[in-house]
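Peer 1: Got a structure here, written out as structure tokens. Questions coming.
The values are calculated or read from the model by the stated rules, or taken from the named source; none is laboratory data. This structure is a prediction, so every number in the text was calculated from the model and none was measured. In this analysis, Cβ positions are derived from the backbone assuming ideal geometry, glycine residues included, and neighbour counts consider all displayed protein chains.
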Amino acid sequence: MQKRMTFPEFKEKYSNYREQVYKAVPNVINMPHVNLTPINNEALAQNTSWHSSGRIPPNGGWDWESWVSDYRRKHHKRFEAAIWYGNQLCGLCLGKASGENIHVRLEILEGSPNYRHPLRGRIAFIALTATELYGYACGASQVRIIDPVQGAINSYKALGYALKSGNKNEPRYLVKNLT
């Protein structure tokens, strides 16, 4: 019989998965200048400059500080990432693994509104690569993009995702099988 994991061991396990993904992504996407980190104070500080863009959810403009705080408190199997090019914040993403690790949900994703940032047009690809790697680490069989913005659906489909219509109990989502 396998020893039951303590809560600190459980939290450490998923923290290790996140760290492994942060290290692996630049190699997997062959972009060594890209760096992924947790959504730290530096990322949140740089994100405040995005607020002047006029974007509002679901098209950006998320209150990342509140979302991250809430997820850290409630979802220990969360996946969070700040996407950097050098010292420039280019994107943020947040999601979580389901209770039994059947799927990983990407719930919010936002790229910098600066049209000149060096990862323009690549944030979704980088975030989804990271989310998929996290799914593999967790043993998930699917990655889901929850309630995608209409204008991004075709881009997600080009990355192998299929749209599933929602119902009164579940929003629409895109799904990609990992197995």
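Peer 1: Among residues belonging to segment 91-113 that are in contact (Cβ under 8 Å) with a residue 40 or more places away in the chain and over 10 Å from the mean Cα position of the chain (by Cα), point out the one that is farthest from N59 (Cα to Cα).
Peer 2: I102
Peer 1: D63 versus (1) surrounded by fewer than 17 Cβ atoms within 10 Å (Cβ to Cβ); (2) modelled with pLDDT of 95 or more; (3) over 17 Å from I123 (Cβ atoms): which is the lone unmet condition?
Peer 2: (2)
Peer 1: Inspect segment 160-175 for any residue being within 28 Å of E12 (Cβ to Cβ) and part of a strand (DSSP E or B) and give the result as yes or no.
Peer 2: No, that holds for no residue.
Peer 1: Which ones in segment 81-118 are outside any strand (DSSP E or B) and out of contact with any Gly (no Cβ under 7 Å at 6 or more places or on another chain)?
Peer 2: Matches in segment 81-118: G86, N87, S98, G99, E100, I102, N114, Y115, R116, H117, P118.
Peer 1: Looking at segment 121-159 only, could you name the residues that are charged (D, E, K, R) and assigned to a helix (DSSP H, G or I)? Even if it seems obvious, please write down each step before you answer.
Peer 2: So the first thing to find is which residues in segment 121-159 are charged (D, E, K, R), and the list is 122, 132, 144, 147, 157.
Scanning segment 121-159 gives E132, K157.
Peer 1: Here are some residues: R120, R78, R72, R55. Which one is among the basic types (K, R) and in contact (Cβ under 8 Å) with a residue 60 or more places away in the chain? Walk me through how you get there before you give the answer.
Peer 2: On the way: R120 fails: in contact (Cβ under 8 Å) with a residue 60 or more places away in the chain; R72 fails: in contact (Cβ under 8 Å) with a residue 60 or more places away in the chain; R55 fails: in contact (Cβ under 8 Å) with a residue 60 or more places away in the chain.
From the options R120, R78, R72, R55, the qualifying one is R78.
Peer 1: Is it fair to say Q20 is surrounded by 12 or more Cβ atoms within 10 Å (Cβ to Cβ), within 20 Å of S98 (Cβ to Cβ) and out of contact with any Lys or Arg (no Cβ under 6 Å at 6 or more places or on another chain)?
Peer 2: yes
Peer 1: Let me ask you something else. Name the pairs: first residue in segment 22-33 and within 16 Å of G121 (Cβ to Cβ), second residue among the polar types (S, T, N, Q) and at pLDDT 95 or above, Cβ to Cβ under 7 Å, at least 6 apart or on different chains?
Peer 2: I29/T129
Peer 1: Check segment 66-80 and report whether any residue there is in a helix (DSSP H, G or I), at pLDDT 95 or above and small (G, A, S).
Peer 2: Yes, segment 66-80 contains a residue that is in a helix (DSSP H, G or I), at pLDDT 95 or above and small (G, A, S).
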